[in-house]
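Asks: Take this structure first; my questions come after.
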Amino acid sequence: MFTGIIEATAKVIAIEKENTNYNFTLQVDFCDELKVDQSMSHDGCCLTIVKIDKEKKQYVVTAMKETMDRTNLSSWKEGSEINVERSMKMDGRFDGHIVQGHVDTTAICTKIIDEKGSWRYFFKYDATKNNFTVPKGSISVNGVSLTVVDSLKGEFSVSIIPFTQMVTNFHCFKEGTVVNIEFDVFGKYVQQLLEQYLKENK
């Protein structure tokens, strides 16, 4: 489980296809603190570390076909900046919101507005899968815990302060950028329970 508070950005060094899997080699400053079998959030997608080279500050994660199909990992290239966060410590502060690292869908950045002190990012996603947002609700965009500003069917916006813009890969976004989205887990449970209740009480 994660909190959506990004620790750093990792750089994609190499991409290797192995049957239907993809092995991604990434580089990050705190690589010497990592260990094999550790779970880590990559743009909001939970991946397992399978190999580490501490001298080069590099590690490898593997993504299966299901992960590639449901996330933006297929758009990663050598040199891409990826938001990374290690799993939450039980004795730590919970500064963001509960992020499972299970990407629900992808969204497309449709507009970016410079608001002279912050930036407003607009996203569009497939609303036919019962995904939804609410104003002032929580959402994870590429693993970043954010608050929804505008909320419409299949669309939402978030505002980013300069610090978030600088330490995450939001500064790489442009119109057309594909991002990973994880909707609020509590909202998903409430929705499923309500749908089941309405189905049973028709």
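Asks: Within the range 13-57, which residues are assigned to a strand (DSSP E or B), hydroxyl-bearing (Ser, Thr, Tyr) and closer than 23 Å to Asp104 by Cβ? Write out each step before concluding.
Replies: The initial filter retains those residues of the range 13-57 that are assigned to a strand (DSSP E or B), namely 13-18, 21-27, 39-42, 45-53.
Then drop every residue that is not hydroxyl-bearing (Ser, Thr, Tyr), which leaves 22, 25, 39, 41, 48.
Selection gives Tyr22, Ser39, Ser41, Thr48.
Asks: What number of residues within the range 163-182 are under 22 Å from Val28 (Cβ atoms) and either out of contact with any helix residue (DSSP H, G or I) (no Cβ under 7 Å at 6 or more places or on another chain) or part of a loop (DSSP other than H, G, I, E, B) (or both)?
Replies: Matching residues across the range 163-182 total 11.
Asks: Yes or no: the range 71-88 includes at least one residue that is more than 16 Å from the chain's Cα centre (by Cα), in the same structural domain as Phe163 (by TED's automatic domain parsing) and surrounded by fewer than 16 Cβ atoms within 10 Å (Cβ to Cβ).
Replies: Narrowing the range 71-88 to residues more than 16 Å from the chain's Cα centre (by Cα): 77-79.
Filter once more, keeping what is in the same structural domain as Phe163 (by TED's automatic domain parsing): none.
No, because not a single residue in the range 71-88 is more than 16 Å from the chain's Cα centre (by Cα), in the same structural domain as Phe163 (by TED's automatic domain parsing) and surrounded by fewer than 16 Cβ atoms within 10 Å (Cβ to Cβ).
Asks: With (1) closer than 15 Å to Ile181 by Cα; (2) in contact with a Lys or Arg (Cβ under 6 Å, 6 or more places away or on another chain); (3) without any contact (Cβ under 8 Å) to a residue 60 or more places away in the chain as the list, and Asp69 as the residue in question, which single condition is left unmet?
Replies: (2)
Asks: Can you pull out the residues in the range 58-105 that are outside any strand (DSSP E or B) and in contact with a Cys (Cβ under 9 Å, 6 or more places away or on another chain)?
Replies: At the first step, the residues of the range 58-105 found to be outside any strand (DSSP E or B) are 64-80, 87-98, 100-104.
Residues satisfying the conditions are Thr67, Arg70, Thr71, Asn72, Leu73, Ser80, Ser87, Gln100, Gly101, His102, Val103.
Asks: All but one of (1) within 19 Å of Asn83 (Cβ to Cβ); (2) surrounded by fewer than 12 Cβ atoms within 10 Å (Cβ to Cβ); (3) modelled with pLDDT under 95 hold for Ser138, so report the exception by its number.
Replies: (2)
Asks: Would you tally the residues in the range 72-94 being more than 17 Å from Gln38 (Cα to Cα), among the charged types (D, E, K, R) and touching a residue at least 40 places away in the same chain (Cβ under 8 Å)?
Replies: Going through the range 72-94 one residue at a time, the tally reaches 3.
Asks: Further question: Just the residues that are in contact (Cβ under 8 Å) with a residue 60 or more places away in the chain and loosely packed, with under 11 Cβ neighbours inside 10 Å, please, taken from the range 176-202.
Replies: Selection gives Gly176 alone.
Asks: List pairs: first residue in the range 141-153 and more than 13 Å from Arg120 (Cβ to Cβ), second residue among the aromatic types (Phe, Trp, Tyr) and modelled with pLDDT of 95 or more anywhere in the structure, Cβ distance under 9 angstrom, at least six positions apart or on different chains.
Replies: Asn142/Phe170; Asn142/Phe173; Val144/Phe170
Asks: Looking at the range 183-196, is at least one residue touching an Asp or Glu at 6+ places or on another chain (Cβ under 9 Å), within 17 Å of Gly4 (Cα to Cα) and either not hydrophobic (A, V, I, L, M, F, W, C) or not in a helix (DSSP H, G or I) (or both)?
Replies: Yes, there is a match, as at least one residue in the range 183-196 is touching an Asp or Glu at 6+ places or on another chain (Cβ under 9 Å), within 17 Å of Gly4 (Cα to Cα) and either not hydrophobic (A, V, I, L, M, F, W, C) or not in a helix (DSSP H, G or I) (or both).
Asks: Let me ask something else about it. Take Val12 and decide whether it is within 18 Å of the chain's Cα centre (by Cα) and buried (at least 19 other Cβ atoms within 10 Å of the Cβ).
Replies: Criteria not met by Val12.
The values are calculated or read from the model by the stated rules, or taken from the named source; none is laboratory data. All figures in this text were calculated on a predicted structure; none of them were measured in a lab. A quick note on method: Cβ atoms are made from the backbone with ideal geometry, for glycine too, and the neighbour counts reach across all protein chains shown.
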